Amino acid sequence: RILGAVVAGCGLAVAGGVFQALFGNPLASPYTLGVSNGAGFGAALAIVLSLPAAGVQMAALVFGIVSVGLTFLLAGRKRGASVTMILSGMLVSAFFSSLVALLKFTADPQEKLPQIVYWLMGSLASVKFDGLLLILPAYLAALTLLFLYRWRINILSLGEEEARSLGVNPARIRNIAIVAATILTALSVTACGIVGWVGLVIPHMCRRMVGVDHARLLPAACFTGAIFLALVDIC
């Protein structure tokens, strides 16, 4: 359970810091592109279909990634524009939220509906070691990629023209960082459900401690988010 808190807290805090930098929006969070509602729909669908815990995790992961794919599809060629991406994410999030409401309406109120509501609330009580082992390889790969790209994220925060003048392809770096942060978010959600606040507030706390340089900010967010969620769960 403590390992699950560390994994979720670290992943959500790092993804939140990346999204806030890429979109230039202090209110951006790991769920900006509709990941939470997409993953929530996948988990709810798996629960309604009576799939095992591993199936619920896999369905949440798949639909979390599908939601971001739909966001990219709606944004089209303008996905490099942060406003377009955020608006597309809001549309996709609303779409999956409606589907979740439909599943809750049709689910068995005695058995399935409480499971869906409990999962959507977010909890570390049902974290299993086998489930964490299932997601750790992809989780570590996405986290490592974001750490390797943290210098380039600094350049992107300067703006499109400045990034191009420094010989950087901003669209490619932004897309890679978004996909990696989305995978990190989706995997964190599959571990413990939808846990808010961590990915929004922890990056701002770390900026006050270490500054805006993402070479220091992302490692600080990683450790602070992990320690924070573990302490909150223990208390």
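What part of the accessible area of region 151-221, given as a whole %, is carbon or sulfur when the probe is 1.4 angstrom?
Ligands and nucleic acids excluded, carbon and sulfur give 61 percent.
Where only protein heavy atoms count, and the probe is 1.4 Å, what is the accessible area per residue for the chain in Å²?
Heavy-atom accessible area per residue stands at 47 Å².
Mind jotting down the distance between the C-alpha centroids of region 21-35 and region 41-79, whole Å?
Taking the Cα centre of region 21-35 as reference, the centre of region 41-79 is 18 Å away.
Could you tell me which helices of the chain pass both thresholds, a Cα extent of 18 Å or more along their own axis and a mean Kyte-Doolittle hydropathy of at least 1.6, with helices taken as whole DSSP H runs?
2-23, 53-75, 82-106, 129-148
May I ask you to derive the relative contact order of the chain, considering only C-alpha pairs under 8 Å and at least 6 residues apart, and to give it as an integer percent?
39
Suppose R0 equals 41 Å; then what is the FRET efficiency for residue 161 and residue 121 from their Cβ-Cβ distance, rounded to the nearest 0.05?
For residue 161 and residue 121, the calculated efficiency is 0.40.
Local charge sum around residue 214 (other residues, Cβ-Cβ under 14 Å, Lys/Arg +1, Asp/Glu -1)?
After counting each charged neighbour, the total is +4.
How big is Rg to Rh over the chain, alpha-carbon atoms, Rh as the Kirkwood inverse-mean-distance radius?
Using only Cα positions, Rg/Rh for the chain is 0.98.
For the pair residue 129/residue 51, report the inter-label distance in nm, with labels modelled 7 Å from Cα in the Cβ direction.
According to this spin-label approximation, the distance is 2.5 nm.
For a test of the definition: using alpha carbon positions, the gyration tensor, and the 1.5 limit on a/c, classify region 1-78 as rounded, prolate or oblate.
It is oblate, given that a/c is not under 1.5 and a/b is not larger than b/c.
How many percent of the accessible area of region 1-138 is carbon or sulfur, using a 1.4 Å probe?
Ligands and nucleic acids excluded, carbon and sulfur reach 70 percent.
The values are calculated or read from the model by the stated rules, or taken from the named source; none is laboratory data. Quick caveat, the model's predicted, so the values are computed rather than measured. Glycine gets a Cβ as well: all are built from the backbone with ideal geometry, and neighbour counts include every protein chain shown. The area values use the complete protein model at the heavy-atom level, side chains included, leaving out ligands, DNA and RNA. Shrake-Rupley method; radii C 1.70, N 1.55, O 1.52, S 1.80 Å.
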